[in-house]
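Participant: Can you read through this structure? Questions will come right after.
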């Protein structure tokens, strides 16, 4: 079969919404794009445990502590599904960790911002998980089968997290003056980083076009960002809070919200490693990995001993 | 009634402080699957503490709630065993602490599920399912690490050295345990047999003639507890009378 022919067939399958499965022949660039995207997503789940993990020991009630623990645990679970999905493309989990630790693989920049108050647990759930869901719901129909199936499970849990986050803020918004101020402050700090989560504008996003043709991606960054802003601009009214954008205004003609200029310089800087917590986050991951080496070695040594016993 | 309330608070404090310590690991574990497992145990323990505090709050009256009991008592009022408040140390120390504590909970709850107090009986029966898993998980890890590499064995020996002196207190009856006739002798025998069997399989030796520390049950703690409470209670102390 000449290469022109099978690549056409591959595209035909995608056009007909037939899922690509691990054993199918696929263009190398398709495989690489997926490894990059899925591992980046997995790393984001694992690094994303850190800013929220920061508040588990200080959660203000036992119920909130339990909910937050369960949430961070869900994120670990998402990381697990995603690493497994990426492994079907021929890369090991250790190799992916190594790419994370050496800075070769990225994770979502949002997790390089610090969680300064309890209200940040609400803002992350509502805004960060909310933006993540916007990005992820279309991925439930993405062309690569294992990724799409992992995303179905993840999206169910994420939407639950978003409601929990909103509920934290709703409670604060009905509380004391200090709680209300804490709520507004968290929204002010997380708003712009959240809308940057959709990535650069379409004209500055080089991977979009090919990814759309392969149906790895189904909506552009700008489309998803607009959809998110429209949703949040309405929900913030329920909280009686505001979004920190003086240019945010409903545009009757476009039937969309207009919004102010995004500070892309900040975005590129955080991406390049200059965010407030880039160093701490990466350090925490590397430390966990290195401190855990003796545990993994021992587990391996023990299971090898048992294997030898059985064989003997 | 005071004895029952005190005893339930003791059980609740044990579970909460263990759960709080385990939660410190969340996101920092050596293997992703095990990070999830330990977080799960932490969640179970915090869940147990909530059932127990809710019951204690009803018995105590005075508008007490699960949160007022967990967040507004001082270090001299907490009744948890010293073992539970010890630092996590490395993964080996955390695992060993979990195993020693869960094994104690296992035999205690087995007994309590036949207890005369209906509510405590029900809480124990529910917790027993969780604790059975905690013992299985932690004992498997004790064996794996004890009988793994030279380094892991040495680390387990260090963990035994750090923790063993806090195990005796679990079986020294407090005033309320005496009043409620909790059979700690019998629970100790079961605990002793199980820990010996597991440590033996792990090729680890149980130290002999260790001088046992005590005091936690009567509110005389190690210095660690003050810091645990400072961190845990910070929000409730800073913003009193708020809904969260």
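Participant: Restricting to DSSP H runs of at least four residues, report the calculated mean residue ellipticity at 222 nm for chain B, -39500 (n - 2.57) per run over all residues, nearest 500 deg cm²/dmol.
Facilitator: Roughly -22000 deg cm²/dmol at 222 nm, from the helical runs in chain B.
Participant: Please report the Cα spread of segment B:194-244 along all three principal axes, rounded to whole Å, starting with the longest.
Facilitator: 51, 23, 15
Participant: Related question: What average number of partner chain Cβ atoms lie no more than 10 Å from the Cβ of the residues making up B:18-26?
Facilitator: The shielding value for this peptide is 4.
Participant: To the nearest 0.05, what FRET efficiency results for residue B:175 and residue B:121 with a Förster distance of 22 Å applied to their C-beta separation?
Facilitator: Efficiency, from the Cβ-Cβ distance: 0.50.
Participant: Another question about this same structure. Take the alpha carbon gyration tensor of segment B:150-244, find the square roots of its eigenvalues, order them as a ≥ b ≥ c, and report rounded if a/c is under 1.5; if not, report prolate when a/b exceeds b/c, else oblate.
Facilitator: oblate
Participant: Right, another one. Hull surface divided by four, with the convex hull built on the Cα atoms of segment A:103-160: how many nm²?
Facilitator: Taking a quarter of the hull surface, the average projection is 5.0 nm².
Participant: Hey, can you rank B:216-223, B:111-118 by average C-beta count inside 10 Å, highest first?
Facilitator: Those peptides, ordered most packed to least, come out B:216-223, B:111-118.
Participant: How large, in Å, is chain A by the Kirkwood hydrodynamic radius built from its alpha-carbon pairs?
Facilitator: 21.2
Participant: Using alpha carbon coordinates only, what is the Rg to Rh ratio of the protein assembly as shown, with Rh defined as the Kirkwood radius?
Facilitator: So for the protein assembly as shown, dividing Rg by the Kirkwood Rh gives 1.02.
Participant: Can you tell me the order of A:66-73, A:180-187 when each peptide is scored by its average per-residue count of other Cβ atoms within 10 angstrom, highest first?
Facilitator: A:66-73, A:180-187
Participant: Please give the average number of partner chain Cβ atoms lying within 10 Å of the Cβ of each residue in A:285-292, rounded to a whole number.
Facilitator: Taking all residues of A:285-292 together, the mean is 4.
Participant: Quick one: pull the percentage of alpha-carbon pairs in segment A:181-249 with a separation above 17 Å.
Facilitator: For segment A:181-249, the fraction of Cα-Cα distances above 17 Å is 50 percent.
Participant: For segment B:158-208 and segment A:201-275, write down the distance between their C-alpha centroids in whole Å.
Facilitator: Computed from Cα coordinates, the inter-centre distance equals 59 Å.
Participant: I would also like to ask the following. Principal axis extents for segment A:182-312, Cα atoms only, whole Å, descending order, please.
Facilitator: The principal-axis extents, from largest down, are 79, 43, 30 Å.
Participant: Moving on to the next point. Just the projected area, averaged over all directions, of the convex hull on the alpha carbon atoms of segment B:2-238: how many nm²?
Facilitator: The directionally averaged projection comes out at 12.3 nm².
Participant: While we're on this one: Rounded to a whole number of µm²/s, how large is the Stokes-Einstein D of segment A:79-181 at 20 °C and 1.002 mPa s, given Rh as the Kirkwood radius over C-alpha pairs?
Facilitator: Estimated via Stokes-Einstein, D reaches 137 µm²/s.
Participant: P(r) tail for segment B:93-132, what percent of Cα pairs lie past 12 Å?
Facilitator: 54
Participant: Oh, and also: How far apart, in nanometres, would the label points at residue A:300 and residue A:223 be if each is projected 7 angstrom from Cα along the Cα-to-Cβ direction?
Facilitator: 4.5
Participant: To continue, here is another question. Could you compute the FRET efficiency for residue A:255 and residue B:68, with r as their C-beta to C-beta distance and R0 at 45 Å, rounded to 0.05?
Facilitator: With a Förster radius of 45 Å, E is 0.35.
Participant: Ok, one more. I need to check one value: relative contact order of segment B:137-213, counting alpha carbon pairs closer than 8 Å and at least 6 residues apart, in percent.
Facilitator: After rounding, I find 49 percent.
Participant: Between residue B:238 and residue A:160, how many nm apart are label points set 7 Å from Cα along the C-beta direction?
Facilitator: My value for the distance between the label points is 2.9 nm.
Participant: If you take the Cα Rg of segment A:1-120 and divide it by 2.2 N^0.38 Å, with N the number of residues, what do you get?
Facilitator: 1.39
Participant: Pop a pseudo-label 7 angstrom from the Cα along the beta-carbon direction at both residue A:23 and residue B:59 and give the gap in nm to one decimal.
Facilitator: Roughly 6.1 nm, to one decimal.
Participant: Order of A:235-246, A:251-262, B:79-90 by packing, highest average Cβ count within 10 Å first?
Facilitator: B:79-90, A:235-246, A:251-262
Participant: Can you tell me the orientation of helix B:118-146 relative to chain B, as the angle in degrees between its alpha-carbon axis and the longest Cα principal axis, to the nearest 10?
Facilitator: Helix B:118-146 sits at roughly 20 degrees to that axis.
Participant: Further, regarding this structure: Enter the per residue convex hull volume of segment B:24-157, computed from alpha-carbon coordinates, in Å³ rounded to the nearest integer.
Facilitator: Per-residue hull volume (Cα only) is 118 Å³.
Participant: Return the whole-Å distance between the Cα centroid of segment A:122-195 and the Cα centroid of segment B:1-64.
Facilitator: 28
Participant: Right, next: FRET efficiency for residue A:310 and residue B:189, Cβ-Cβ distance as r, R0 = 30 Å, nearest 0.05?
Facilitator: 0.30
Participant: Counting each DSSP H run of 4 or more residues in chain A as -39500 (n - 2.57), what helix-only mean residue ellipticity at 222 nm follows after dividing by all residues, to the nearest 500 deg cm²/dmol?
Facilitator: Helix contribution divided over all residues of chain A: -20500 deg cm²/dmol.
Participant: Shielding by partners for A:172-184, please: the mean number of other protein chain Cβ atoms within 10 Å of each residue's Cβ.
Facilitator: Across the residues of A:172-184, the mean count of other-chain Cβ atoms within 10 Å is 2.
Participant: Normalising by the residue count of segment B:2-238, find the relative contact order in percent from Cα pairs under 8 Å and 6+ residues apart.
Facilitator: This gives 26 percent for segment B:2-238.
Participant: With a cut-off of 8 Å between alpha carbons and a minimum separation of six or more residues, what is the relative contact order of segment B:8-87 in percent?
Facilitator: That works out to 43 percent.
Every number in this text was worked out from the coordinates using simple rules, so none of it is lab data. Just so you know, these numbers come straight off a predicted model, no measurement behind them. Here Cβ is always computed from backbone atoms with ideal geometry, including for glycine, and neighbour counts include all displayed protein chains.
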